[in-house]
1. Starting from the Cα-Cα distance between Tyr147 and Ala18, subtract it from 0.36 nm times their residue separation and give me the gain in nm to one decimal.
2. State the percentage of accessible surface on region 51-189 attributable to carbon and sulfur atoms; use a 1.4 Å probe and exclude ligands, DNA and RNA.
3. Leaving ligands and nucleic acids out of the surface, order Asp17, Asp243, Asp180 by accessible area at 1.4 Å, largest first.
4. At 10 °C and 1.306 mPa s, what whole-number value in µm²/s does Stokes-Einstein give for the translational diffusion of region 158-287, with Rh from the Kirkwood sum over Cα pairs?
5. Please find the FRET efficiency linking Val162 to Lys247, where r is the Cβ-Cβ separation and R0 is fixed at 25 Å, and quote it to the nearest 0.05.
6. Given 4 °C and 1.567 mPa s, how large is the Stokes-Einstein diffusion coefficient of region 31-78 in µm²/s, with Rh as the Kirkwood radius over Cα pairs?
7. Where Rh denotes the Kirkwood radius from the mean inverse Cα pair distance, what is Rg over Rh for region 67-158?
8. Could you check the spin-label model distance between Gln57 and Leu8? Points 7 Å from the Cα along Cα→Cβ, value in nm.
Amino acid sequence: MFNHVQALRERGWQVIDAASYAQAWARFGGSVATHPLVVEQLAGLAQIPVRYLGWYQAGALSAAIPTWGRHLALSKDVLKRTGKKALFDLGNAEIILPAAADASAPLRHSARYLSELNQGRFTGLKVQKEQLAMARTPEELSKKFRYNQRRELRLLEEAGGVVRPISEFSAQQVAAMYCDLFARRWGFPATGAEHMAQVLERLRELLIGSVLMLDDKPIAIQLVYRVEAPEWISVEYVNGGVDPQTKAFSPGSVLSFLNTQAAWEDARARNKPLRFSFGRADREYKERWCNPVPVLHT
């Protein structure tokens, strides 16, 4: 029965290797959650093999997907079912699968939070009830809002606060700071806290952003991953932590301002659109920074 169902689901698709999938991503683009390194490293951590499938047109690969059974690879449902819930955290990441703009490949695997960019590249997509929060351009933030963020930063720096690139810290240091500040902010452990250092070590080269320090101690940190596709830049803000005792400085807001502005500057220097996702549009604070965008599912 399973083989019959699998055959129906994969009809027209061919099994490909990881290298072919990586080539498809490099050619057609994708998002953080579908990037070859992210898929390979996190699936490796989960010890769940990835079955890569390719869609060919006129003998050329025009679409590719990484799968775990009937789901796309890295699916939370599969992690939960295999007793590995909360092994790692990508939030509700935007999913852009590598495909030619007109591939029209039938997507029969279960997937959520599929970007609208998948339209035309795949068929069988339906509009999802939830939306994703996508960072606004700097110009879409009011002058007053931007002024206030710069003022908060100046006040923090005048009090001895320092902005340090996250790249200056080891994966172990980032994991320790993040897990500590997250727990202090929310009162419960961060998703994937137990394996956070391993995850960050595996995805280290994709981590971007800054850490806010005060009196040589971290007071705000965010897990933000960035990948560059041929036609856009995909950034995924997974989650963050702040020291509640420093809330007078609004460190979380200051850090969101610094991280989003730096990402916009980087994207514009490369002359590429930026897709900076804050995950699901489900929190009031995201409304200040983001526009809600429709997403699709299968």
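1. On the way: separation 129, 0.36 × 129 = 46.44 nm, distance 4.68 nm.
Between Tyr147 and Ala18, full extension yields an extra 41.8 nm.
2. Details: 3490 of 6830 Å².
C and S fraction of accessible area: 51 percent.
3. Heavy-atom accessible area, descending, gives Asp17, Asp180, Asp243.
4. Numbers: Rh = 15.2 Å.
Roughly 104 µm²/s, to the nearest whole number.
5. So, using R0 = 25 Å, E works out to roughly 0.85.
6. Estimated diffusion coefficient is 114 µm²/s.
7. 1.16
8. 2.6
The values are calculated or read from the model by the stated rules, or taken from the named source; none is laboratory data. Computed from a predicted structure; not experimentally measured. All Cβ positions, glycine included, derive from the backbone under ideal geometry; neighbour counts span all protein chains shown. Surface accessibility is based on the protein's heavy atoms, side chains included, excluding ligands, DNA and RNA. Shrake-Rupley method; radii C 1.70, N 1.55, O 1.52, S 1.80 Å.
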